[in-house]
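Notes follow once the structure below has been shown.
The values are calculated or read from the model by the stated rules, or taken from the named source; none is laboratory data. This is a predicted model, so every value here is computed, not measured. Ideal geometry is used to build each Cβ from the backbone, glycine not excepted, and the neighbour counts take in all protein chains shown. Areas reflect the complete protein model, heavy atoms only, side chains present, ligands, DNA and RNA absent. Shrake-Rupley method; radii C 1.70, N 1.55, O 1.52, S 1.80 Å.
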Amino acid sequence: MSGSGAIILFGGTSNERRVSVASAQHIAAVLDEAAAWFLAPTGAVHPVTGDELAGFERAFERDFKPAAAAAFPSVVAAFESQPSQVYVLALHGGEGEDGTIQRMLEARRIAFTGPGAEASARGFDKEVAKQVVSSAGVRIARSVHLSKDPKVMRREMAEMLAIYRRVVVKPVAGGSSVGLYHVGSAQDADQAARGIEESGEAYLAEEFVSGTELTIGVVDGPSGSRALPASEVRLDQGRAFDYEGKYLGKGTKEITPADVAPAALECEGYSRTDVISSPDGPVFLELNTLPGLTRASFLPQQLAVEGTSMLSFLEGQLAIARNRRDRAQRA
């Protein structure tokens, strides 16, 4: 039995909440004594039984609907009702990953897993993350922040295409390959522009870097941070690593460990970093501060190759969360 004194928080308002449900399912199967709370898109918090969570099928393809009525009108009310618990954040995207939830917890000196508020906010914004790693001397994929003016946006994408021939258009904040566009023609750019206009989100256009696509988990432990074995993403001809490829296995193959030299990979903290191993060296793409912990996610794959069980990993993260809370309380 494990997970006593812990609450798994999942769901949220972002377009990544289905991934969050799948992460919670995996975590709950390992931390079998932990409670589970679902943060609904309305902001209310619902208790969820282990059987209900485990029995939910096709989590990546449909929305989770809790059986029980909301126990709390807001996540703040939920936190304040159980301030001594450790919150295992199985949230992805939006308020769960941009530092919002983390600030709420830090302000109340409540223990939670994953990076703190400041690191979460910086990592979640792809442009800020690039500035940070570039200032440390790491090569980054060149990009431009796209205007929300439709005409200017299309012109900016056309200019990027003229320079790089192929660009990747993606939200400034967000992950799980949701809202991702690979643009290689004016027709592709027009399709991406229409999608961006409908979303209302801030977007960037980034040069496409040829090479081996890698993702590397980094976790903290008693001896400090360590990089996990890298995973490689291989795509079928004409496919992109979008949501369907990432979670439904359409046109993609994930190889863990990747067939690359580990000395080329350096990163720090509890995160997952996406890079391209190009002929000129590694190129940083983005950082994920709350990487997926579903059974199909990269981090569990990499832990397994390393020989670390999910239970050992999660118990380590619970210990880190408690230690961080205790330090804050002594300050």
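Of all residue pairs spaced 6 or more apart or on separate chains, those with beta-carbon atoms under 6 Å, a first member in region 271-288 that is free of Cβ contacts under 8 Å to residues at least 60 places away in the same chain and a second member that is assigned to a strand (DSSP E or B) and open to solvent by less than 10 Å² (accessible area, probe 1.4 Å) are ARG272/THR215; ARG272/GLY217; THR273/ILE216. If you filter region 46-60 down to residues that are farther than 10 Å from ALA22 by Cβ and either assigned to a loop (DSSP other than H, G, I, E, B) or among the hydroxyl-bearing types (Ser, Thr, Tyr) (or both), you find that the one that is most open to solvent (accessible area, probe 1.4 Å) is GLU57. Looking across region 278-331, just one residue is of a type in the set (Lys, Arg) and either part of a loop (DSSP other than H, G, I, E, B) or buried (at least 22 other Cβ atoms within 10 Å of the Cβ) (or both), and that is ARG295.
Test VAL172 against the stated conditions and say whether it is touching a residue at least 40 places away in the same chain (Cβ under 8 Å) and open to solvent by less than 30 Å² (accessible area, probe 1.4 Å). Yes; evaluated as a whole, the condition is true for this residue. Taking the condition modelled with pLDDT under 95, among the basic types (Lys, Arg) and closer than 28 Å to GLY116 by Cα, does ARG234 pass? So ARG234 does not fit the description; no. Only one of the listed residues (ARG109, ARG103) is in contact with a Lys or Arg (Cβ under 8 Å, 6 or more places away or on another chain), farther than 17 Å from GLY292 by Cα and either open to solvent by 60 Å² or more (accessible area, probe 1.4 Å) or touching a residue at least 60 places away in the same chain (Cβ under 8 Å) (or both). That residue is ARG109. Of the set (1) more than 15 Å from the chain's Cα centre (by Cα); (2) of a type in the set (A, V, I, L, M); (3) more than 24 Å from SER199 (Cα to Cα), all apply to ALA24 but (1). Checking each residue in region 189-214 for being open to solvent by less than 20 Å² (accessible area, probe 1.4 Å), of a type outside the set (A, V, I, L, M, F, W, C) and closer than 18 Å to ALA162 by Cβ picks out GLU206, GLU207. For the structure I just gave you, tell me whether PHE124 is within 29 Å of ARG330 (Cβ to Cβ), under 19 Å from the mean Cα position of the chain (by Cα) and open to solvent by 20 Å² or more (accessible area, probe 1.4 Å). Judged against the criteria, PHE124 is a match.
Within region 296-309, residues that are within 13 Å of ILE255 (Cα to Cα) sit with their Cβ atoms under 9 Å from residues that are open to solvent by 30 Å² or more (accessible area, probe 1.4 Å) and among the acidic types (Asp, Glu), at 6+ positions apart or across chains, in these pairs: ALA296/GLU254; PHE298/GLU254; GLN301/GLU254. Screening GLU156 with (1) part of a helix (DSSP H, G or I); (2) over 30 Å from LEU9 (Cα atoms); (3) open to solvent by 40 Å² or more (accessible area, probe 1.4 Å) gives one miss only, at (3).
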